[in-house]
Amino acid sequence: MIHAFCFWSGNGGWARHAAGFLGALQKLEDVAVTEWDGLASASGALVDDGDPSIGIGPIELMTHLPGSRRNAFVVWETSVIPEDKIRILNTLDEVWTPSHWGRALLIRNGLAEDKVFVVPEGVDADAFRPAQDRSIREPRPFRFLCVGKWEPRKNIEALVQAYTGEFSDGEPVELVLHCFNPYRPGLHIEAQVGRVARRPHAPIVISPPGSQADLIRLYNRCDVFVLPARAEGWGLPIVEAMACGLPPIVTDYSAPTDFVHEGVGYPVRVASMVDVHDPYFFPEGASLGTWAQVDIEHLRERMRHVFENQEEAREKGRCARSEVCQRWTWDRAAAAAYARLRPERFTHGAAS
């Protein structure tokens, strides 16, 4: 039995990670799932001796992880990780993080090298896939799609600046922003767009929250995914978009460098490293080091290039879909984790 502790309810990133990853791991061995809130209220031992436990979520919760073989699945995005969090991670048996960039970051901040391993995230490529009628292109604008919370780390302001600076009113193009932030009630995306938009520009459409099925339909109504994030611990919407056949335009920095390259998308240069500033999610600010500021002119160039070379973009989207199916599924992520949890049971077949 494998015991997992996570956020299971809701549609946030941690919950979606847990659902996909643990659903795939369940195919290899029985998994008992406990919500972090349930762990806080539970009494007695929850994990039998010899059974491994996995914590999926913020680092500070790992102090509550029970069991004698404790494994934490974590991400971080800034160049400096607070010392108290590194101390927590160094008490665990293993720490998993989705990317090679993330592993190097943890080690550079003081995590013992022999504790940290790369276990990628993934996607359900059977659910996230191109629509069967994708080849039938109804008359509509060419659509750029952004999926990500409106917050400083995602840097959607830079996207709006680039798009409104590059595409004029009257061009057959749209930017679709699926960028609501459930942690910031009262945040009005339309007002934020109006604050940073430049000159009369091509349309920007605000997409409301919805179900996973709604999100898949949204991917399939668009042509290219774009997100100039300052840093990503993984970038789940990027991989989902790729699985649906959309080539990504993303910052050439942090975890997405593991899976976005010129063969499947359009990496955008980093202009500079800037101090962390996000008083809501990262109140420590500059003490957390730096993250990347995208080159907005290069972002504009890449968006214009894709718009003017749509067949090339579609071909890259097909390659993106193929690469996701080969390398970045939840089944492959679960196999990588199982090789760590049960090396004595792991076989080639588990990774196929």
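We did not get these values from a lab; they are worked out from the coordinates using the rules stated. Model, not experiment: these values are computed from the prediction. Heads up, the Cβs are rebuilt from the backbone with ideal geometry, glycines too, and the neighbour counts pull from every protein chain shown.
Report the full-extension gain for the segment Ala339 to Arg184: residue separation times 0.36 nm, less the Cα-Cα distance, to one decimal in nm.
Roughly 51.9 nm would be gained on extension.
At q = 0.11, 0.13, 0.18 Å⁻¹, work out log10 I(q)/I(0) for the stretch 142-327 with the Debye formula, treating every Cα as an identical point scatterer and leaving solvent out; two decimals please.
Evaluating at q = 0.11, 0.13, 0.18 Å⁻¹ gives log10 I(q)/I(0) of -0.44, -0.63, -1.27.
Below 8 Å between Cα atoms, with a sequence gap of 6+, how large is the relative contact order for the chain in percent?
17
What ranking do 22-28, 226-232 get when scored by the average of other Cβ atoms within 10 Å per residue, highest first?
The most tightly packed comes first, giving 226-232, 22-28.
Compute the FRET efficiency between Ser168 and Ala191 as 1/(1 + (r/R0)^6), taking r as their Cβ-Cβ distance and R0 = 25 Å, and round to the nearest 0.05.
0.65
Once amide H atoms are placed 1.01 Å from N in the peptide plane, what residues at a sequence separation of 5 or more from Ala125, or on another chain, have their amide H within under 5 Å of its amide H?
Residues meeting the amide H criterion: Trp330.
Provide the per-residue ³J(HN,Hα) series for the stretch 170-179, in order, calculated from phi with Karplus coefficients 6.51, -1.76, 1.60 and θ = phi - 60°, each as a whole number of Hz, with x at glycine and proline positions.
After applying 6.51 cos²θ - 1.76 cosθ + 1.60, I find x, 6, x, 8, 9, 10, 9, 10, 9, 10 Hz.
For the pair Tyr280 and Ser322, how long in nm is the line joining their label points, each one 7 Å along Cα→Cβ?
For the pair Tyr280/Ser322, the computed spacing is 4.1 nm.
Find how many whole Å separate the alpha carbon centroid of the stretch 226-263 from the alpha carbon centroid of the stretch 59-129.
Spelled out, the Cα-based centre of one part sits 20 Å from the other.
Could you tell me how many degrees, from 0 to 90 and to the nearest 10, lie between the Cα long axis of helix 296-308 and the main elongation axis, the longest principal axis, of the Cα atoms of the chain?
The helix 296-308 is inclined about 70 degrees to the chain.
Mind listing P(r) for the stretch 69-222? All alpha-carbon pairs, 10 Å bins, whole percents.
With 10 Å bins starting at 0, P(r) equals 9, 27, 26, 25, 11, 2, 0.
Quick one: which residues, 5 or more positions from Phe225 or on another chain, have an amide H under 5 Å from its amide H? H modelled 1.01 Å from N in the peptide plane, none for Pro or chain starts.
Here Leu145, Ile249 satisfy the definition.
How large is ³J(HN,Hα), in whole Hz, for each residue of the stretch 87-102 in order, when computed from phi with the Karplus curve 6.51 cos²θ - 1.76 cosθ + 1.60 and θ = phi - 60°, using x for Gly and Pro?
So the Karplus estimates, Gly and Pro as x, are 4, 4, 5, 6, 7, 8, 6, 9, 10, 10, 9, x, 10, 5, 4, x Hz.
What percent do you get for the relative contact order of the stretch 138-294 when only Cα pairs under 8 Å and 6+ apart count?
23
State the percent of C-alpha pairs, over all pairs in the chain, separated by a distance greater than 28 angstrom.
The answer is 44 percent, as a whole percent.
In whole Å, largest first, what are the principal axis extents of the Cα atoms in the stretch 1-157?
Dimensions of the stretch 1-157 along the principal axes of its Cα atoms: 61, 36, 28 Å.
What does a probe at Glu29 reach in the stretch 62-95, counting residues whose amide N is under 12 Å from the point 7 Å along Cα→Cβ?
Taking a point 7 Å out along Cα→Cβ of Glu29, the residues of the stretch 62-95 whose backbone N falls under 12 Å are 69-71.
With charges set only on the Cβ (+1 for Lys and Arg, -1 for Asp and Glu), what does the dipole of the chain come to about its Cα centre, in debye to the nearest 20?
Magnitude of the dipole: close to 460 debye.
Per residue of the chain, what 222 nm ellipticity follows from adding -39500 (n - 2.57) for every DSSP H run with n ≥ 4, rounded to the nearest 500?
Rounded to the nearest 500, the figure is -10000 deg cm²/dmol.
At a Förster radius of 45 Å, what calculated FRET efficiency corresponds to the Cβ-Cβ distance of Arg198 and Asn11, to the nearest 0.05?
Calculated transfer efficiency: 0.90.
Which Cα, out of Val74, His17, Met1, lies furthest along the positive dipole direction of the chain (beta carbon charges, K/R +1, D/E -1)?
After comparing all options, I get His17.
With θ set to phi - 60° and the Karplus curve 6.51 cos²θ - 1.76 cosθ + 1.60, what are the ³J(HN,Hα) couplings of the stretch 311-322 in order, to the nearest whole Hz, using x for Gly and Pro?
Karplus-based 3J(HN,Hα) across the stretch 311-322 equals 5, 4, 5, 5, 5, 5, x, 5, 5, 4, 4, 4 Hz.
Contour minus end-to-end for Thr290 and Val205, with contour as 0.36 nm per residue of separation and end-to-end as the Cα-Cα distance?
27.5 nm is the gain from fully extending Thr290 to Val205.
Which angle from 0 to 90°, rounded to the nearest 10, does the C-alpha axis of helix 156-166 make with the longest principal axis of the chain?
20
Mind ranking 10-21, 66-77 by how tightly packed they are, going by the mean number of other C-beta atoms within 10 angstrom, highest first?
Per-residue Cβ counts within 10 Å, averaged per peptide and sorted highest first, yield 66-77, 10-21.
What does the extension gain come out to for Phe117 and Arg140, with contour length at 0.36 nm per residue minus their alpha carbon separation?
Gain in length upon complete extension: 3.8 nm.
According to a simple spin-label model (label point 7 Å from Cα along Cα-to-Cβ), what is the distance in nm between Glu297 and Asp84?
The two pseudo-label positions are separated by 4.4 nm.
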